[in-house]
1. Once a ≥ b ≥ c are taken as the square roots of the eigenvalues of the Cα gyration tensor of the range 40-138, is the result rounded (a/c under 1.5), prolate (a/b larger than b/c) or oblate (a/b not larger than b/c)?
2. Would you please report the Å³ per residue occupied by the convex hull of the alpha carbon atoms in the range 37-229?
3. Excluding residues on the same chain fewer than 8 positions from LYS221, give the aspartates and glutamates whose Cα lies under 17 Å from its Cα.
4. Among TYR195, TYR76, TYR144, which comes first, second and so on when ranked by fewest other beta-carbon atoms within 10 Å?
5. Just want the ordering: PHE98, PHE201, PHE172, from fewest to most Cβ atoms lying within 10 Å of their own Cβ.
6. Let me make sure I get this right: for the range 164-234, a, b and c are the square roots of the gyration tensor eigenvalues over alpha carbons, sorted descending. Under 1.5 in a/c it's rounded, otherwise prolate if a/b > b/c, else oblate. Which is it?
7. For GLY95, what charge total do you get from the other residues with a beta carbon under 13 Å from its beta carbon, if Lys and Arg give +1 and Asp and Glu give -1?
8. Among ARG149, ARG175, rank each residue by its count of other Cβ atoms within 10 Å, from fewest to most, as a rough exposure measure.
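No lab work stands behind these numbers, since they all come straight from the coordinates. Computed from a predicted model, the values in this text were never measured in an experiment. Cβ atoms come from the backbone with ideal geometry, glycine included; neighbour counts cover every protein chain shown.
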Amino acid sequence: MTLEDKNQNNIISTELVNSYNIDYVFSDKPINRFKTKPILEDRSKLLSELRNEIENINNCELKSNSKKLVFSDGDYQSQIMIIGEGPGQKEDEIGKPFVGDAGMLLNKMLKAINIEREKVYITNVVNYRPPNNRKPEPAEVTRYSEFLRKHISIIDPKILILMGSTAMESLFGSRIKITKERGNWKDIIIKNKTYLSMITFHPAYLLRQPEQKKYSWSDLKKIKKKIDELNINL
């Protein structure tokens, strides 16, 4: 005995379908059962909510001694996210990260691997200028790390570039040293998602220690190679 080939759309008889008085529409197209990523408007809304949350922080010496909140700069759709330490004097005046001498060096570093600053997303560990440009204290880093992790989760980058020991410590703790960890790809888990990160020297440090630029150049080449491997368009 042979079985006749049957079209899937003919398996349910027309009479049975009509008996339930329900309109059925059959399609050969596969059903997408996976949730799609939030649309860009949602990302913009989440960033606005995070900014407001930071603006409304209480009992914060950094906020009390600053002129402006320094939230971010660049393209929030970018797959590359750069994290620095905190605002300096010019950043505090303008309200954007990396606009002083360190920012000019950052721009040159990015151009060296054919990346325009406008094509990446930039923020800091702390969003207000520390008094006298001091390094953020451990308690401040811990407090703002909660905001930073939310920030990373919203942007959802393919590559995180952590510039300086403060950025490194905010996500990996203070037990590791930047001199040993820079130049190595490291995974960081945030909200059950793994992000690929590269630790490198902060441009401000390179201005003080120009002999270290050769190590940063090595890190930049690794970053460029990974961008090409992941087919990231910038």
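1. Values: a/c = 2.40, a/b = 1.22, b/c = 1.98.
It comes out oblate by the Cα gyration axes.
2. 115
3. Within the straight-line limit of under 17 Å, LYS221 reaches these aspartates and glutamates: GLU116, GLU181, GLU229.
4. Fewest-to-most ranking of TYR195, TYR76, TYR144: TYR76, TYR195, TYR144.
5. PHE172, PHE201, PHE98
6. Oblate.
7. On the way: positive: ARG51, LYS67, LYS68, LYS90, LYS96, ARG129; negative: GLU55, ASP73, GLU91, ASP92, GLU93.
Result for the neighbourhood of GLY95: +1.
8. ARG175, ARG149
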